[in-house]
Amino acid sequence: MKVTLLVSEWCNVCPSAERVWRQVNDEKDFELEVLDVAQPEGRKVIAEKLIKTVPATLVDGELKKVGVPGAEEARELVRCAPPREGGAEGREEAAATMTMRRGPRHMVRAAVVYLALGGLSLVGWGDLLGGGVGLFHLFTYGFIAFMIFGVAEHMLPRFTGHPIRTGWLQSAQLGLLHGGLWLFVVGRWFDMIPVAGSGAALMWAGIGAAAARLLPLVWRPSTAEAAAERSSGTEAA
């Protein structure tokens, strides 16, 4: 069984509809697909089904609900789906979502904090030839890298249709990025080159962990491209 939820960035109630379906998907074993109508695959569905309003819910390709369903209403729509064993615990991957999840939300919040710290530190200690090199990294690395990784983690699953790994790799990425940055800042401030070098190594390891999570999303064809290839292959046959 497949549930397709059509949403849009400008829709104020779409996140509520998605939360309902995420909750039900934790209880019932069915495929949940969230499509933004601004993307080609979303536009294709609304054109085929003549849908005028979002959020809209399709079950196995058939329009079943326009608007935000209640939890019981959503359960009724997928009553034939079997219960999910183990619930949501232990899932290694997080699917595409409109609502910003905890991981990317933490990254964006950290980026804003580092932006503020970097700006304040440069006002007081703007010497970029001394300890200020480390403080400057609160902005160049703390703000820029965390913001890029946070936004990428939120947006790429939506645009590619592929889930992103969570679990231990996500925790390792956050720990390496934060720990490496502060070791580098402290090492440069107190002129402890080995400490700064260790921090730099940890930062690069954090970038590697981020790449290991993000690259699979863009390396494989998007779900829309894969569907188009299957469709063209079927027509050719």
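The values are calculated or read from the model by the stated rules, or taken from the named source; none is laboratory data. Predicted model only: the values in this text are computed from it and were never measured. Here the Cβ positions follow ideal geometry from the backbone for every residue, glycine too, while neighbour counts run over all protein chains shown.
A compact table of results
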| item | result |
| --- | --- |
| Extreme residue, farthest from residue 103 (Cα to Cα), among residues of the range 208-233 that are crowded, with 17+ Cβ neighbours inside 10 Å and at pLDDT 75 or above | 217 |
| Filter result (modelled with pLDDT of 90 or more, within 21 Å of residue 160 (Cβ to Cβ) and either of a type in the set (Ser, Thr, Tyr) or surrounded by 14 or more Cβ atoms within 10 Å (Cβ to Cβ) (or both)) within the range 1-29 | 3, 4, 5, 6, 7, 21 |
| Selected residue (criterion: nearest to the chain's Cα centre (by Cα)) from residues of the range 5-43 that are more than 16 Å from residue 73 (Cβ to Cβ) and β-branched (Val, Ile, Thr) | 34 |
| Selection within the range 186-199 - farther than 26 Å from residue 102 by Cα, in contact (Cβ under 8 Å) with a residue 12 or more places away in the chain and part of a helix (DSSP H, G or I) | 186, 187, 188, 189, 195, 196, 198 |
| Residue in the range 146-168 that is among the polar types (S, T, N, Q) and modelled with pLDDT of 90 or more present | no |
| Condition check for residue 109: modelled with pLDDT under 90, closer than 30 Å to residue 23 by Cα, part of a helix (DSSP H, G or I) and not hydrophobic (A, V, I, L, M, F, W, C) | no |
| Every pair of residues 6+ apart whose Cβ atoms lie under 8 Å, when the first sits in the range 22-34 and is in contact (Cβ under 8 Å) with a residue 40 or more places away in the chain and over 17 Å from residue 82 (Cβ atoms) while the second is among the aromatic types (Phe, Trp, Tyr) and part of a loop (DSSP other than H, G, I, E, B) | none |
